[in-house]
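Working notes for the structure below.
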């Protein structure tokens, strides 16, 4: 049975109780920590930077999945490797030389991810899909948590899955934005491997159970 990975988004955690929330994820059935880094330029918001990631790494016992929503990400590849990132995802829209960026990420010992904004066509990855470990499909417009899921995402996941299969690639598909119990199973059926869930997990009355439920409803689908 194939199991979907659940990656709670730290952006939705309680920053006054960050250690508590990190340890909650450690003890839950979640697989990864998803960490959004925003610069206020590529997206209209600013999130945490290196010191907070450093603090997270001290307590996190699971895979650190870092999503850079920043311009010119090449400047910081080495830094994020040193901070303990296991996966580093850059935006297609922010990379002038995507192939070079992917190689630089891998040279630092990390897995390389590429994120696509909702309006960006899957076809732009045809030439690089075999160099990509993970594609993060944005199912909301990037920059803010708690947004409404974009319904066209299902079709996009199917198109990406077809591209991955046609190229014989082992690229994983991650969905980021508006993931809930209402769409998790359908996303899995469409071809998603990893579901990022922020507000749905952290704003629930029982986050550990919410993670467990997401995991259960996408297992073996």
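When you check residue 175 against the structure, is it touching a residue at least 12 places away in the same chain (Cβ under 8 Å), more than 25 Å from residue 95 (Cβ to Cβ) and touching a helix residue (DSSP H, G or I) at 6+ places or on another chain (Cβ under 9 Å), yes or no? Spelling it out, it is not the case that residue 175 is touching a residue at least 12 places away in the same chain (Cβ under 8 Å), more than 25 Å from residue 95 (Cβ to Cβ) and touching a helix residue (DSSP H, G or I) at 6+ places or on another chain (Cβ under 9 Å). If you go through region 53-81 and keep only what is free of Cβ contacts under 8 Å to residues at least 12 places away in the same chain and under 25 Å from residue 17 (Cβ atoms), you end up with just 58. Condition test on residue 108, is it over 19 Å from residue 34 (Cβ atoms) and touching a helix residue (DSSP H, G or I) at 6+ places or on another chain (Cβ under 6 Å)? Yes.
Screening residue 212 against (1) closer than 16 Å to residue 32 by Cβ; (2) out of contact with any helix residue (DSSP H, G or I) (no Cβ under 7 Å at 6 or more places or on another chain); (3) part of a loop (DSSP other than H, G, I, E, B) leaves a single unmet condition, (3). Selection over region 14-52 of residues that are out of contact with any strand residue (DSSP E or B) (no Cβ under 8 Å at 6 or more places or on another chain), crowded, with 19+ Cβ neighbours inside 10 Å and at pLDDT below 95 gives a count of 0. Residue 30 fails exactly one of the following numbered conditions: (1) without any contact (Cβ under 8 Å) to a residue 24 or more places away in the chain; (2) closer than 16 Å to residue 176 by Cα. What is the number of that condition? Of everything listed in (1) without any contact (Cβ under 8 Å) to a residue 24 or more places away in the chain; (2) closer than 16 Å to residue 176 by Cα, residue 30 misses just condition (1).
The values are calculated or read from the model by the stated rules, or taken from the named source; none is laboratory data. Everything numeric in this text was worked out from a predicted model, so none of it was measured. With ideal geometry, Cβ positions are generated from the backbone for all residues, glycine too; neighbour counts draw on all protein chains shown.
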